[in-house]
Amino acid sequence: MLSILQPFLMLLLLIALGGYLYRTDVLDLEFCRRLSRLVVRVTFPALLFTSMYRHIDLASLQQGWIFTIVGLGTSIILAVTAHYSATLLRLQGMTYSTYQILCTNGNNIFLPVPIISVLFGSPYVVYAVLFELGAALFYWSYGIAHLRSGRKFSFKRLFNPNILALLLGLALGALGIQIPSPLYGALEIVGNITVGSAMLILGAQVVNLVEKRLKPRGEVWGVALHRLLLSPLVGMLILRFVDLPTELKTIFFLMLSMPPLVTTALVAASYNADEELAAMGVVIPTLLSFVLLPIFLWLF
């Protein structure tokens, strides 16, 4: 049990540091917004590329293709169920859109990468990245449309740094094409900034909500049910029909139990969405996951 708790304690320390830096005015929400843009546009794609490139090979691709399919398929299922639950909650406008994003867009890299690295070793990180490939295909073709004007489904949105980094890393890694060591080293250093930055942002969000003394809205519990109950149940059902080694089954279940993406709150702010719901919908399910996930992994 102690080995399972280790990565969660590590992440909690980073979150606590982010909260402390916010309280001491080293961080503020405007800086966090700028840092979030840096993470989403620069460091996150670098992390996706290096993680995929370093660990992908034909063997891991043969075992891991199911992660990509399930990442895409689960996003579609959650989008459908979120639509009906939002209707029951009578959500409209940007509140509806924010709710949809929170329910369907999981924290598929920032949380699972350090957890998988500690519990299973860095080579297993590639399965989280393959899962993110499927989820990102849904998010950038349809999901992000909830925060933008225009057509709901768009292939044009797929041509963004995250998807390109994933596909380029997959192609170069699987084909065994070597890139210059200085280039790879520089990308790896930039990518390593991602997880720490995301946890600092989350810590600042936690303290900001505490200072505002906002009560959790009903929609937040809908998000938590989608991300922390419905999505894992889908995974348990799929695992009954999929033959995977024990380590990959555990990672598979872990990926389907992730709370909403940390930077969703700040992305919502940039699109004039429901920033309050976005912040609560990230912070509360994430804190709940730090209690539930170690228990789930231990029982699993």
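Each value in this text was obtained by applying a stated rule to the coordinates, not by laboratory testing. Since we're looking at a predicted model, the values are computed, not measured. A quick note on method: Cβ atoms are made from the backbone with ideal geometry, for glycine too, and the neighbour counts reach across all protein chains shown.
Treat every Asp and Glu Cβ in the chain as -1 and every Lys and Arg Cβ as +1, leave all other atoms uncharged, and give the resulting dipole magnitude about the Cα centre to the nearest 20 debye. Provide the component values of the computation, followed by the final result.
Working: 19 positive and 13 negative charges, 130 e Å.
Value, rounded to 20: 620 debye.
Of VAL39, VAL223, VAL80, the residue with the greatest mean-square motion in the GNM of the chain, using alpha carbon springs below 10 Å, is VAL80.
Model label sites at LEU61 and LEU88, defined 7 Å from Cα along the beta-carbon direction, differ in position by 4.2 nm. Per the Debye calculation on the chain with a single equal scatterer at every Cα and no solvent contribution, log₁₀ I(q)/I(0) for q = 0.08, 0.12, 0.13 Å⁻¹ amounts to -0.31, -0.74, -0.89. Label sites at VAL291 and PHE159, each approximated as a point 7 angstrom past Cα along Cα to Cβ, lie 4.7 nm apart. Given a Förster radius of 35 Å and the C-beta distance between THR24 and LEU214 as r, what FRET efficiency does 1/(1 + (r/R0)^6) yield to the nearest 0.05? After rounding to 0.05, the efficiency reads 0.95.
Under a Gaussian network description of the chain, with springs only between Cα atoms under 10 Å, the residue in ILE56, ILE76, ILE179 that fluctuates furthest is ILE179.
A full extension of the chain between ILE177 and SER117 corresponds to an added length of 19.1 nm, given 0.36 nm per residue minus the alpha carbon distance. Screening the chain for whole DSSP H helices of 30 Å or more along their axis (Cα) with average Kyte-Doolittle hydropathy at least 1.0 returns 2-23, 58-88, 275-299. Distance between the modelled labels on TRP221 and LEU237, one decimal in nanometres: 2.4 nm (7 Å Cα→Cβ projection).
What is the Cα radius of gyration of the range 162-300 over 2.2 N^0.38 Å, N being its residue count? Before the final figure, lay out the partial values.
Working: Rg = 18.3 Å, N = 139, 2.2 N^0.38 = 14.3 Å.
Computed over Cα atoms of the range 162-300, the ratio equals 1.28.
Mind checking which of PRO114, PRO285, PRO260 has the largest fluctuation in a GNM of the chain, springs on alpha carbons under 10 Å? Among PRO114, PRO285, PRO260, the largest mean-square fluctuation in the Gaussian network model of the chain belongs to PRO114.
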